[in-house]
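Computed from the coordinates by the stated procedures, all read-outs in this text should not be read as laboratory data. Computed from a prediction, not measured in an experiment: that's the story for all the values here. Here the Cβ is made from the backbone with ideal geometry for all residues, glycine too, and neighbour counts use every protein chain on show.
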Amino acid sequence: MRLMGRVGEWFDQRLQLGRPIRDVMQHPVPRETASWWYVFGSAALTIFLFQVVTGILLALVYVPSAGEAWNSLQTLNHQITLGWFIRALHGWGSNFMLAIVIIHMVQVFLFGAFKFPRELTWIFGIFLLLLTFGMAFTGQVLRFDQDAYWGLGIGASISSRVPILGPALVKLLLGGPIIAGATLSRFFALHVFVIPGLLIGFVGLHVLMVLKLGVNEWPMPGRIVRRATYVREYHELTAKEGVPFVPNAIWKDIVFSGFILLAIAACAVLLGPFGPGGQPDPTIIQTAPKPDSFFLWIYAVLSFLAPSAETPILLIAPLIGIVVLLLLPFFAGEGEKSWKRRPIAVLVILVAAVSLGTLTHLGQHTPWSPVMDAWSGEPIPSEYLKNRTPLEHQGALVFQSKQCHNCHSLGGEGGKRGPELDQVAVRLTPDQLVRQVIQGGGNMPAYGKNLSPAETTALVKFLETLHPAGQAPAQDASRAIAETDQH
Amino acid sequence: MTSSNDVTRRGFLAKVALVFNGFVGVALAVPIFRYLASPVTRERNVGNNSWLTLGPLDKFPAGETRLATYRNPMVNAWDGETADIACWVRNVDGKKFQVFAINCAHLGCPVRWFPQSSLFMCPCHGGAYYQDGSRASGPPERGLFEYPYKIERANLLIHAGELPTPGPSASKSKGCSSCG
């Protein structure tokens with residue numbers, strides 16, 4: 001033991017780290033913050049380190065070349081011992097990191113921790129959030145499959161809409177005129193060098209500020225933050241009822257970090273690695289590209305914007321969002337910290353959670369996309385074909401063969417792009433059906449050039465049968481009057 | 001007095017050293033910037049687009065729309081299959097052609113041709129186009145991108161080499177749809 005002590009002394013005489021480390025360990029934190037609510041920041045740091053390690057392990061095999069990347073992932077999945085497991089750990093680690101970072105941010109927001117004097121901690125935290133999303137997107141590109149390829153196309157299409165600089169931005173993003181080897185190389189450089197470097201720097205500053213300024217005290221309703229008095233009040237609090245950071249607070253951090261790593265490993269074992277999907281061959285067009293789950297809400301938003309509003313919203317809304325987040329501590333830097341006295345803050349979180357959740361759900365089901373094989377794969381429900389005339393049967397055939405089913409559902413099967421047609425005869429008169437089929441409109445293509453008069457007649461006859469048994473189909477009132485006048 | 005003079009002289013030298021490093025920094029920044037900007041500036045020298053063959057005309061029967069592929073003109077050895085690009089060739093009437101980019105004019109996903117309903121449909125956000133490439137419905141603001149084409153010795157050639165995107169540069173090639 002004496003030898004150990006002397007070796008330790010030898011090192012500390014040179015490194016001189018013992019004192020600052022002891023200070024950090026023993027610095028007092030408010031008693032209530034030794035809480036399970038305060039474990040998310042340290043968990044995010046743990047996962048980040050875990051991602052660095054698993055990332056390096058993958059880099060031992062991965063080939064960042066457009067021609068070879070996909071094959072090297074196959075090798076990792078199938079040929080290298082436990083290569084699939086390391087890929088799964090890194091992939092699930094990425095999902096957990098985003099989730100924990102977002103939970104950490106929500107907790108910090110609801111606990112008012114962004115207020116004076118922790119404004120810069122919050123701002124660097126926003127940078128860390130954006131960088132984490134940057135890691136997720138670039139990582140998805142390195143999994144160089146069909147989704148990655150067409151996802152890059154979506155990125156290029158969005159960049160191209162920037163006024164004046166658009167075309168240059170596309171080439172800078174892709175590293176050339178098309179999505180190819182140069183594109184993957186630069187995303188590799190971003191994912192492996194640039195963004196992790198920035199992350200390490202900002203994480204260092206973020207943690208340093210937490211230690212220097214002290215962890216945010218538990219928010220009490222009525223305990224108001226004032227710039228003039230806050231620092232003194234905080235020091236009085238920690239002096240009076242503070243507990244040493246180690247071990248009183250840190251044991252919960254350590255337990256939770258271990259639990260999260262175990263959860264990542266469990267997901268990796270049970271659910272396996274992500275992809276890769278189909279080969280990144282742009283001549284294989286039978287594909288429906290989709291981003292990873294944390295980007296699905298953006299994917300959903302992109303289908304709902306009106307064409308004319310799309311470019312301004314795409315380019316301006318994210319900027320406004322980021323600026324609002326960065327400025328938050330400046331227009332709400334003082335006052336109440338407790339969520340019990342900040343109803344708007346709680347409402348903002350609820351609205352954001354519901355919106356993002358709904359959009360993500362829609363992104364999983366993509367009701368705005370035609371179901372490309374419904375016309376050949378989803379039959380018309382048989383009750384819609386019983387006791388029908390030959391002409392109506394002919395119309396049902398037209399409905400299938402002209403791919404109406406790709407966008408319109410019958411009996412719940414088929415596309416959701418257009419309205420479901422199970423009761424269309426109640427909504428539209430025969431004349432309105434003819435007009436809608438021939439001229440289109442309301443986001444439906446016009447089929448006038450593509451249907452013969454006989455086909456249109458048959459199709460509309462079939463559509464006229466689509467109404468509930470006890471409910472009469474829609475009729476043109478003026479025509480009824482004209483017909484009674486004749487009699 | 002002497003000591004403060006000393007400090008000023010050392011301080012001055014430090015500033016001179018900083019300015020010197022500033023010059024070195026700028027001298028290094030120029031080539032670094034030019035290296036980084038090379039994907040943008042390269043086209044001034046060579047040009048990304050060139051005439052490429054899609055094969056003999058009899059691959060594209062009159063009145064039909066067929067998938068064709070070509071190898072991008074600017075290729076690196078390690079591009080692999082990403083340099084193979086698909087496009088849709090419409091033989092309008094045996095004499096007139098239209099060659100559409102595979103990329104949806106909304107966000108670049110690959111559109112599919114449905115001959116039965118004569119529509120191009122996009123799997124991503126539901127854009128649809130008529131057989132002549134004009135917009136039918138969905139989020140796209142415009143019709144499909146068209147490549148200029150020409151016929152040489154019974155082969156169909158197109159002028160291509162760049163990912164078509166809906167930004168300003170792409171709208172230029174829209175004007176070119178008439179030159180086909």
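Descriptive notes on the structure:
- Other protein chain C-beta atoms within 10 Å of residue C-beta, averaged over A:61-68: 3.
- Label zone (A:I313, point 7 Å along Cα-to-C-beta; backbone nitrogen cut-off 18 Å) within the stretch B:139-167: B:139-142.
- Size estimate for the stretch A:312-419 follows the Kirkwood approach: the inverse of mean 1/r over distinct Cα pairs works out to 18.4 Å.
- Calculated from backbone phi, Karplus (6.51, -1.76, 1.60) coupling profile of the stretch A:265-271 in Hz, x at Gly/Pro: 4, 5, 4, 4, 5, 7, 10
- Taking a Cβ cut-off of under 11 Å around A:Y149, the surrounding Lys, Arg, Asp and Glu residues balance to a net charge of -3, with basic ones at +1 and acidic ones at -1.
- With N counted as the residues of the stretch A:2-364, its alpha-carbon radius of gyration over 2.2 N^0.38 Å works out to 1.12.
- Nitroxide proxy distance, nm - points 7 Å out along Cα→Cβ at B:D132 and A:A306: 2.7
- Projected label points at A:W10 and A:L211, each 7 Å from Cα along the beta carbon direction, are separated by 2.6 nanometres.
- Under 5 Å between amide hydrogens, built in the peptide plane, is the criterion, and for B:Q116 it picks out nothing among residues at least 5 positions away or on other chains.
- Of interest is the spacing of the C-alpha centroids, which for the stretch A:309-370 and the stretch A:39-79 amounts to 31 Å.
- Calculated FRET value between A:L82 and A:L262, using beta carbons and R₀ = 22 Å, to 0.05: 0.80
- Calculated FRET efficiency for the pair A:L391/A:I322, C-beta based, R₀ 56 Å, to 0.05: 0.40
- Across the stretch A:182-263, the volume of the C-alpha convex hull divided among the residues equals 181 Å³ per residue.
- Reach of A:K115 by Cα under 27 Å, taken over lysines that are not fewer than 8 positions away in the same chain: A:K212, A:K240, A:K252, A:K337, A:K340
- Computed over the alpha-carbon atoms, the protein assembly as shown gives an Rg to Rh ratio of 1.06, Rh here being the Kirkwood radius from the mean inverse distance.
- Efficiency of FRET between A:D373 and A:R435 - r from beta-carbon atoms, R0 30 angstrom, step 0.05: 0.55
- Rotationally averaged projected area of the stretch B:1-137 (alpha carbon convex hull; nm²): 15.3
- Full extension of the chain segment joining A:R22 with A:S293 gains 93.3 nm, where the gain is 0.36 nm per residue of separation less the Cα-Cα distance.
- Cα shape, the stretch A:374-478, gyration tensor, a/c 1.5 rule: rounded
- Projecting label points 7 angstrom from Cα along Cα→Cβ for B:E64 and A:V354 puts them 5.4 nm apart.
- Solution diffusion estimate, µm²/s, Stokes-Einstein, the stretch A:128-213, Kirkwood Rh from C-alpha pairs, 4 °C, viscosity 1.567 mPa s: 92
- Pairs exceeding a 31 Å alpha-carbon distance, out of A:K402/B:K59; A:K171/A:K402; A:K449/B:K95; A:K416/A:K461; A:K171/B:K15: A:K171/A:K402; A:K171/B:K15.
- 16 Å reach of a label modelled at A:E32, 7 Å along Cα-to-Cβ, counting backbone N of the stretch A:219-243: A:219-226, A:233-243
- Packing-based ranking, highest mean first, of A:210-222, B:107-119 given that Cβ atoms within 10 Å are counted: B:107-119, A:210-222
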